Amino acid sequence: MISLYLVLSRQQRQPRHQPPYQPAASLTKIEPPKSFPPQILHRQELHRKLMSLVHNEKTALRLVNDVLKRNPGSSVEWCYEKAIYDVLRDRR
């Protein structure tokens, strides 16, 4: 009984040989896009600026959505700019 326990415990401790990881061929061919449209880059820049002010993704999106609800028909970029302006104004 004890010898069976010793054999099993040694087998569990021995490292198992695993082949090195090789990604699938389809994954290695994916390349990032060469460029983004300027509108998306501007929106990302505005989002980063708002995030640097509030430090919370949920809060940043809530602020932008609130501005969007109060100003239907406005562009998303304008709503980000207004949310940034409101945060800076409220800190004065």
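The values are calculated or read from the model by the stated rules, or taken from the named source; none is laboratory data. Keep in mind the model is a prediction, meaning the values are calculated, not measured. Neighbour counts are summed over all protein chains in view; Cβ atoms, including those assigned to glycine, are modelled from backbone coordinates with ideal geometry. To get the accessible areas, we keep the full protein, side chains included, count just its heavy atoms, and leave off ligands, DNA and RNA. Shrake-Rupley method; radii C 1.70, N 1.55, O 1.52, S 1.80 Å.
Considering only residues in region 73-92 that are within 21 Å of the chain's Cα centre (by Cα) and β-branched (Val, Ile, Thr), the one that is least open to solvent (accessible area, probe 1.4 Å) turns out to be Ile84.
Summed over region 18-61, residues that are open to solvent by 100 Å² or more (accessible area, probe 1.4 Å), modelled with pLDDT of 90 or more and not charged (D, E, K, R) total 1.
Consider region 62-72 and keep the residues that are out of contact with any Lys or Arg (no Cβ under 8 Å at 6 or more places or on another chain) and free of Cβ contacts under 8 Å to residues at least 24 places away in the same chain. The one that is least open to solvent (accessible area, probe 1.4 Å) is Val64.
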